[in-house]
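Enquirer: Okay, here's the structure, questions in a sec.
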Amino acid sequence: MLRYVTSLVLFLTTLIATAQEPAAIKVNDSLTLQKTYGLRIGLDAASLIRTAVDDNYTGFQAIADYRVNSRWYAAGEIGTENVDQFNERIDATASGSFLKLGADYNFYQNWLEMDNMIYAGMRVGYATYSQELTRYDYYQDNTYFPIPTNQVNEEFNGLNAVWLEFQLGIKVEVLTNLYLGLNVQVKRTVTQGQPERFTNLYIPGFGRTYDTSNIGVGYSYGISYRIPLYKK
């Protein structure tokens, strides 16, 4: 009798062990690597460095994005700029604030726990600003006679502009949740408020403007930190 009980116990033990092996494999096969979701905020270092080295420029820009899914990020920038422009023809100052909102798409396929970006993004930009005209000279071809100078000291307030912006850039995680980023920008004005008697030379957030084109370019490089909220 004892021999039959012992044989039955050994049989059941073997059966249970065999039944458990596929289950363990299934659990291990179901493991997936989770990604961190959260708000990433930071500063544009380019505007801070230019403020430190250029006496005619003062600027500040905050950057942020939020991961919507594995590829798409809601993104935006907000800031202020003050630019003095002095040359042989005109002395003027542009100052104001701006906001850019849009989205980024990450093309980079990360390995394991990497969380970097190679992205393309679109923004809609809006700026409210003022232009101050201090002096301007009349243009003339004849250089034998002195060019008359007009001291104006007039300020034009309540101006605004709207533009579309395309960005191409990278973001690299150098420490856990700490990122360095770089991007280049191509912009096209949609509307812009013009001061009387002269055109905009600079629009905060958009950059330098040209009489012959509504296209502008720019760049940004900065540092940001992601506030981790959850993983999935």
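Enquirer: I'd like to check something: does region 153-162 contain any residue that is modelled with pLDDT under 95, among the β-branched types (Val, Ile, Thr) and out of contact with any Asp or Glu (no Cβ under 6 Å at 6 or more places or on another chain)?
Expert: No, every residue in region 153-162 fails to be modelled with pLDDT under 95, among the β-branched types (Val, Ile, Thr) and out of contact with any Asp or Glu (no Cβ under 6 Å at 6 or more places or on another chain).
Enquirer: What number of residues within region 156-191 are in contact with a Phe, Trp or Tyr (Cβ under 8 Å, 6 or more places away or on another chain) and under 17 Å from Gln131 (Cβ atoms)?
Expert: 6
Enquirer: Output the residue which, of all residues in region 96-110 that are crowded, with 19+ Cβ neighbours inside 10 Å and not basic (Lys, Arg), is nearest to Thr176 (Cα to Cα).
Expert: This residue is Asn106.
Enquirer: Yes or no: Tyr179 assigned by TED's automatic domain parsing to the domain that holds Ile49, touching a helix residue (DSSP H, G or I) at 6+ places or on another chain (Cβ under 9 Å) and within 30 Å of Gly38 (Cβ to Cβ)?
Expert: no
Enquirer: Could you tell me whether region 111-120 includes any residue that is surrounded by fewer than 17 Cβ atoms within 10 Å (Cβ to Cβ), in a strand (DSSP E or B) and at pLDDT 90 or above?
Expert: Scanning region 111-120 turns up at least one residue that is surrounded by fewer than 17 Cβ atoms within 10 Å (Cβ to Cβ), in a strand (DSSP E or B) and at pLDDT 90 or above.
Enquirer: For region 200-222, give me each residue that is within 19 Å of Arg50 (Cα to Cα) and either touching a helix residue (DSSP H, G or I) at 6+ places or on another chain (Cβ under 6 Å) or surrounded by fewer than 14 Cβ atoms within 10 Å (Cβ to Cβ) (or both).
Expert: Val217, Tyr219, Ser220, Tyr221, Gly222, listed by residue number.
The values are calculated or read from the model by the stated rules, or taken from the named source; none is laboratory data. Small disclaimer: the values here were computed from a predicted structure and weren't measured. We place every Cβ from the backbone using ideal geometry, glycine too, and count neighbours over all the protein chains shown.
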